[in-house]
Amino acid sequence: MAELFYADDKDGFLQAARDLVDFHKTHGSDKQLFDAYATLFDRQQMWGRYDDAVATIDEMSQVAQGRRSRLGTAVAEFCTGQLYLNTRQPAEAEIHYRRAFNELKTAGENGRALRAGFNLQACAMNLGEPEAGLAMNDSTAILISDMEARSGRANAGNHFKQARYRFVLLQRTGRLKEAAPLKDTLLHYAGVLNDPSQDEIMLTAIAQYEQAVGNRKEAYACLDTLISRNLKARNFNNASRFRLSLADFQRENGDLDLAVDNYRLYSAESDSARIQDTHRQLNELTKKFELDELRMENEASRQRNTMLGLIVAVMAVLLVAIFVYNRQLRRKNRILFSATQEHIKAEEEAEEAIVHAPEAGQTAEERLYASLIKLMQEEELFKDADLNRDILCARLGTNRTYISNAVKQCFGGTLNAFINHFRLRWSAEALAGRDDLSVLAVGEDAGFSSRSTFHRLFQEAYGMSPSAYRAASKA
C-alpha cells in the first residue's frame, strides 16, 4: 500500500485498502479491522470521494453493530466527525467527535481519542465557543499525561498541539495574560519538532497574539517570515493569504502606506487558479480600498489619488483577466463538449454490444453485468435517489457479493460509481437536449440526492460544471 500511495495510484491504493478490510473481517482482531476501515475512509474523503466515504462509514457501523464492537462504533463516530469537519459543518462534527472521544478512551484507543479531543477544540473555535474548547483542552492535557505515564516517553507533537490550541483559545476569550507564557512553550516545541508545516501554524498563532497585544512590529515580522517562505517555495496561494493578513493588520494599525503596498502585492501574488473567483476578489478589494474610510483616516490628497488610481488599475487588470479567462474557458468547454459527446456515443455502443452478446461466450459475471446494464437502459432505475445494492439484487435475483463482483470485474469500479455513471450520462444528454429542465432539475431527475454531489461528480467526469456544459452545447 505504501508503494501505491507514493506512486499516486489512488485507485490501486483504495482497492488494496478494501482488500485489507475484507481480510481482517475473517482473520483479524477488531482493532486491525477498524484500523483498516479508518485507513480506507481517510483516503476516500481526502481524495474527494465523499459518496464512497459515506458508504464506508455505513458499512463500518453495520459491521460494528453485528460484532457488538464498541471500538468499531467509536471509530465510525470518529470518521463521521472527520467527514463533517472537512465539509465545514462543525456543529455536526462536534456531536460525533464527543461520542468518539469518550468511547475511544474507554476502549484504550488513546491516540485516536486525543485526535478527537484536538478536533473538538477546532470545532469549538469554529463555533465561537472558546470556553468549551478550553474545557476539552483540560481533558486532552490529562489524556496526554496518562499516555506518557504508560509509554514512559514524551511526545513533542502532542505537547505542541496542546499548547497551540490553548494559546489560540485563550486569545479568543481575551485572556491575553494567560496566553503569554504559551508563546515560549510553542517556540520550544517547534524547535524540537523542526517541522516547517507546524512552524507555519505556530507563527500564524503568534502573529495574531502580537497584533492583539499591540506589538505590531512582531506581528508584521511573523507574517513577513511566512510570506517569504511561501514565495521561496512558490506557494502563491499561501503567500497571498498571509500577505492579505499583513495588509489587514497594517490597515487596522493605521500604517496605510504599508497596507496599500501589501494589498497591491496581494493582488499580484494571487494564484491564476483563483481567477474563476474574480468577482468575489473584486468585492473584497473594493471593500478594503473603500475611499470613504481612507479619507477619514488620512486627509492627504496624494494618498487619496494614489488609492483611487490603484483601485482603477487593479479593476482594469482583473476585468481584462476575466475577459481572457472566459474566452479561453468557452473555447476549452466547446472542445470538451465535443469530446464528451463522442465518448458517450462510444460508451452506449459498447454497452449495446455487451447486452446483445451471445450468452454462450460470456462468464456468469458478464451475463449478470449485461442484465444490469439492460435494467438501467430500459427502466432507468438510476433515477431513484434511494437506489442501492439490495434493490438491484432483488430485481436481478442475485446477492450482494455476485453483483459487486460483476460490476468490479466488468465495469472496473464500485456499484455506486456504476450507478452514478448512468446518472451523469443521462444528465449530460438532458443538459444538451432538454431546455425545459433547469440545471437543478436535471440533477434531481437523474437521481442525485444533493446538488453539491451532482456538480462535483459532473465536473470530475466531464471537466466542466453542468451550467458550462449546457452553455457549450449551445455554442
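Assorted remarks:
- Only one of the listed residues (ASN110, ASN86) is of a type outside the set (Lys, Arg) and within 23 Å of the chain's Cα centre (by Cα). That residue is ASN86.
- Among the residues of the stretch 202-221, those identified as crowded, with 17+ Cβ neighbours inside 10 Å and among the aliphatic types (A, V, I, L, M) are MET202, LEU203, ALA205, ILE206, ALA207, ALA219.
- Scanning the stretch 84-95 turns up one or more residues that are out of contact with any Cys (no Cβ under 9 Å at 6 or more places or on another chain), on the phi > 0 side of the Ramachandran plot and not β-branched (Val, Ile, Thr).
Quick grid of which residues meet (1) over 23 Å from ASP52 (Cα atoms); (2) among the charged types (D, E, K, R):
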residue	(1), (2)
ALA357	yes, no
ASP386	no, yes
GLN409	no, no
LEU431	yes, no
LEU437	yes, no
ALA441	yes, no
PHE448	no, no
THR453	no, no
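- Matching residues, the stretch 371-419, being farther than 23 Å from LEU14 by Cβ and under 28 Å from the mean Cα position of the chain (by Cα): LYS383, ASP384, ALA385, ASP386
- The set of residues from the stretch 113-141 being surrounded by 15 or more Cβ atoms within 10 Å (Cβ to Cβ) and touching a residue at least 40 places away in the same chain (Cβ under 8 Å) comprises LEU114, PHE118, GLN121, ALA122, ALA124, MET125, PRO130.
- Taking residues in the stretch 380-402 that are closer than 15 Å to GLY443 by Cβ, and partners anywhere that are among the basic types (Lys, Arg) and buried (at least 16 other Cβ atoms within 10 Å of the Cβ), the pairs with Cβ atoms closer than 9 Å and at least 6 places apart or on different chains are PHE382/ARG423; LYS383/ARG423.
- Residues of the stretch 222-241 satisfying the condition of being touching a residue at least 24 places away in the same chain (Cβ under 8 Å), crowded, with 21+ Cβ neighbours inside 10 Å and within 15 Å of ILE201 (Cβ to Cβ): LEU223, LEU226
- Whichever residue in the stretch 57-74 is among the hydroxyl-bearing types (Ser, Thr, Tyr) and in a helix (DSSP H, G or I) and, among such residues, is surrounded by the most Cβ atoms within 10 Å (Cβ to Cβ): THR73
- Within the stretch 163-182, being over 30 Å from the mean Cα position of the chain (by Cα) and assigned to a helix (DSSP H, G or I) holds for LEU176, LYS177, GLU178, ALA179, ALA180, PRO181, LEU182.
Let's see how each residue does on (1) of a type in the set (S, T, N, Q); (2) in a helix (DSSP H, G or I); (3) modelled with pLDDT of 90 or more:
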position: SER427; (1), (2), (3): yes, yes, yes
position: ALA430; (1), (2), (3): no, yes, yes
position: LEU440; (1), (2), (3): no, yes, yes
position: GLY443; (1), (2), (3): no, yes, yes
position: SER452; (1), (2), (3): yes, yes, yes
position: PHE458; (1), (2), (3): no, yes, yes
position: ALA461; (1), (2), (3): no, yes, no
position: MET464; (1), (2), (3): no, no, no
position: ARG470; (1), (2), (3): no, yes, yes
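- Restricted to the stretch 100-138, and to residues there that are part of a helix (DSSP H, G or I), small (Gly, Ala, Ser) and out of contact with any Phe, Trp or Tyr (no Cβ under 8 Å at 6 or more places or on another chain), the residue that is nearest to LYS31 (Cα to Cα) is GLY111.
- The residue that is surrounded by the most Cβ atoms within 10 Å (Cβ to Cβ), among those in the stretch 360-406 that are assigned to a helix (DSSP H, G or I) and among the hydroxyl-bearing types (Ser, Thr, Tyr), is TYR369.
- Taking the criterion of being buried (at least 18 other Cβ atoms within 10 Å of the Cβ) and either under 21 Å from ASN405 (Cα atoms) or among the aliphatic types (A, V, I, L, M) (or both), the residues of the stretch 25-40 that qualify are LEU33, ALA36, TYR37, ALA38, LEU40.
- Answer from ALA149, ALA154 - the residue that is farther than 15 Å from TYR165 by Cβ and outside any helix (DSSP H, G or I): ALA154
- Total residues in the stretch 407-416, condition of a type outside the set (Val, Ile, Thr), assigned to a helix (DSSP H, G or I) and in contact (Cβ under 8 Å) with a residue 12 or more places away in the chain: 4
- Helices (runs of 4 or more DSSP H) lying entirely in the stretch 241-320 (those with 3 or more residues that are under 35 Å from the mean Cα position of the chain (by Cα) and at pLDDT 75 or above): 256-269
- If you go through the stretch 75-103 and pick out every residue that is more than 20 Å from VAL21 (Cα to Cα), hydrophobic (A, V, I, L, M, F, W, C) and either out of contact with any Asp or Glu (no Cβ under 7 Å at 6 or more places or on another chain) or surrounded by fewer than 21 Cβ atoms within 10 Å (Cβ to Cβ) (or both), you end up with 5.
- Picking from residues in the stretch 326-359 that are exposed (fewer than 11 other Cβ atoms within 10 Å of the Cβ) and among the acidic types (Asp, Glu), the one that is farthest from the chain's Cα centre (by Cα) is GLU359.
- Residue check for GLN89: touching a residue at least 40 places away in the same chain (Cβ under 8 Å) and in the same structural domain as TYR37 (by TED's automatic domain parsing): no
The values are calculated or read from the model by the stated rules, or taken from the named source; none is laboratory data. Predicted model only: the values in this text are computed from it and were never measured. No Cβ is skipped: glycine too gets one built from the backbone with ideal geometry, and neighbour counts run over all protein chains shown.
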